[in-house]
Amino acid sequence: MSFKPANNIQDLQYFGEFGGVNPSISDSSTYTFLSAKTMFDTFEGNADGCYLYSRHSSPSNLYLGEALAAMEGTETANVTASGMGAITPVLLQLCQSGDHIVSSRTIYGGTYAFLKNFIPRMNIKTSFVDITNPKAVEAAINKNTKVIYCESVSNPLLEVADIPALAKIAKKHNLKLIIDNTFSPLSISPAILGADVVIHSLTKFINGSSDTVGGVVCGTQEFINDLRNVNNGACMLLGATMDSLRAASVLKNLRTLHIRMKQHSKNALFLAEKFEADGLKTVYPGLKSHPSHELFKSMMHPDYGFGGMLTIDVGSLDKANELMELMQNNNLGYLAVSLGFYKTLFSAPGTSTSSEIPEDEQKEMGLSDGLIRFSIGLDDDIERTYKMMRQCMEQLNILTA
Ligand SMILES: *Cc1c(COP(=O)(O)O)cnc(C)c1O
């Protein structure tokens, strides 16, 4: 594939106001106009390059948006206060009362709760389907469907969406394909594969330091303009705007994303192979045993690997909790939700990030009690980490020595 997401970020050239190598931070909520006419034109959306009010846009947010659009290969992007602050306005912009969404059933718990419990209040219904089965996706489409929604690599089961196949279905039925690419930045470029809108929670790998929440919507200029429209734009009117100071700090972290992703992926693959060889039920898209291993390979930029997320199943919630506590006590990582940190993070999704999903549905989608989700860190010596993790597992009789 000739599209190079990390080069596209690197090739952007920004100068600060005084020739600084970082763009200046715009520490203002509002902007002066030299003439009253320009202010009117800006409200009408006809004064390119003029800033109005920072809930609409700000120079710092536009810099970060431009870099993320370059990474995803979309015309432009809009950054938001959180990942949910990107997902919810996109769905509300595209769907009205009476409309219908086809969504993967394995998605981030907050997105699931929004689709299942919140958006029905606006008379918008969702069918949850097995996203790895394009036939099931197509069968769920009805005359009111507006959107197909999924994650390129799903939370927490690491199912992989066949983005080109879904894009074909979306085109055929005149729907928008929205992909949450939070788990696979740089590795997968959904827009290049046919997605209409690409969303990230910047909170995770992209920012990478677990010090803020943030989000982005990448798409066409027309769609991003719609989201920012002062009269009916969901981003503008719902108000989940990122702060300029934070946009500047996320942009600085974005520049090392390619180096971090390579290390996350390298470490995760190493551990996944070891865990599997040890007889643990291990799910990682980089393993040949993963049902969508070949599909992932066909969509990926190989330099960045299969990502930093893996799961193991240790049989029961009690065992999972014991293991996570022991690993934390041995400083192998933190028992915490979220992902993309320099330290390994682990949690039991059934009782944490996916607890919004009712128990019987968890069972049906294969989310078992003993599942531990790992976000593998940037450890320099992953072999040492593995040996220490193995000792913890032996101590708890999860692995027999
Ligand atoms: C964390 C996460 C979100 C939500 O992002 P926030 O920044 O927490 O609002 C959405 N999708 C995925 C896949 C996530 O992991």
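Helix-only estimate, please: 222 nm mean residue ellipticity of the chain, summing -39500 (n - 2.57) across DSSP H runs of length 4 or more and dividing by its residues, to the nearest 500.
-10500 deg cm²/dmol
Please give the solvent-accessible surface of ILE178 in Å², to the nearest 10, using a probe radius of 1.4 Å with every protein chain present.
ILE178 exposes around 0 Å² with every protein chain in place.
Work out how much length LYS288 to ASP318 would gain on full extension: take 0.36 nm times their residue separation and subtract the Cα-Cα distance, in nm to one decimal.
Working: separation 30, 0.36 × 30 = 10.80 nm, distance 2.93 nm.
Contour length minus Cα-Cα distance gives 7.9 nm.
When all protein chains stay in place, what accessible area (Å², nearest 10, 1.4 Å probe) is found for MET122?
Accessible surface of MET122 is approximately 80 Å².
Expressed as an acute angle from 0 to 90° and rounded to the nearest 10, what is the orientation of the C-alpha long axis of helix 244-254 relative to the principal long axis of the chain?
With rounding to tens, the tilt is 50 degrees.
Using a 7 Å offset from the Cα along the Cα-to-Cβ direction at both VAL230 and PHE15, what is the distance between the two label points in nm, to one decimal?
In this crude label model, VAL230 to PHE15 measures out at 3.2 nm.
Report in % the part of the accessible area of the chain that belongs to carbon and sulfur, leaving out ligands and nucleic acids; probe 1.4 Å.
C and S atoms contribute 49 percent here.
Per residue, how much accessible area does the range 5-254 show when a 1.4 Å probe rolls over the protein heavy atoms, in square angstrom? It would help to have the intermediate numbers written out before the result.
Values: 10450 Å² over 250 residues.
That works out to 42 Å² for each residue.
Using DSSP, restrict attention to beta bridges with both residues in the range 5-254 and report what percent are antiparallel, rounded to the nearest 5.
40 percent
Work out the count of Lys pairs in the range 258-395 where the Cα-Cα distance is under 17 Å, with the pair 8 or more places apart or on different chains.
Taking the range 258-395 as the scope, the lysine pair count is 13.
Based on alpha-carbon centroids, what's the gap between the range 313-347 and the range 163-177 in Å, whole number please?
Centre-to-centre distance over Cα atoms comes out at 38 Å.
Let me know the longest stretch in the chain that avoids all trypsin sites (Lys or Arg not before Pro) found in a DSSP loop with at most 14 other C-beta atoms within 10 Å.
Working: sites that count: LYS143, ARG255, LYS288.
Formally, the longest exposed-site-free interval is 1-142.
So, R0 is 51 Å and r is the distance between the beta-carbons of THR30 and GLN395; what FRET efficiency does that work out to, to 0.05? Before the final figure, lay out the partial values.
Numbers: r = 59 Å, r/R0 = 1.17.
Computed FRET efficiency for THR30 and GLN395: 0.30.
May I ask you to give the solvent-accessible area per residue for the range 258-395, in square angstrom, as obtained with a 1.4 angstrom probe?
Here the per-residue accessible area is 45 Å².
The values are calculated or read from the model by the stated rules, or taken from the named source; none is laboratory data. Because the structure is predicted, anything quoted here is derived from the model rather than measured. Cβ atoms come from the backbone with ideal geometry, glycine included; neighbour counts cover every protein chain shown. The accessibility values were calculated without ligands, DNA or RNA, using every heavy atom of the protein model including side chains. Shrake-Rupley method; radii C 1.70, N 1.55, O 1.52, S 1.80 Å.
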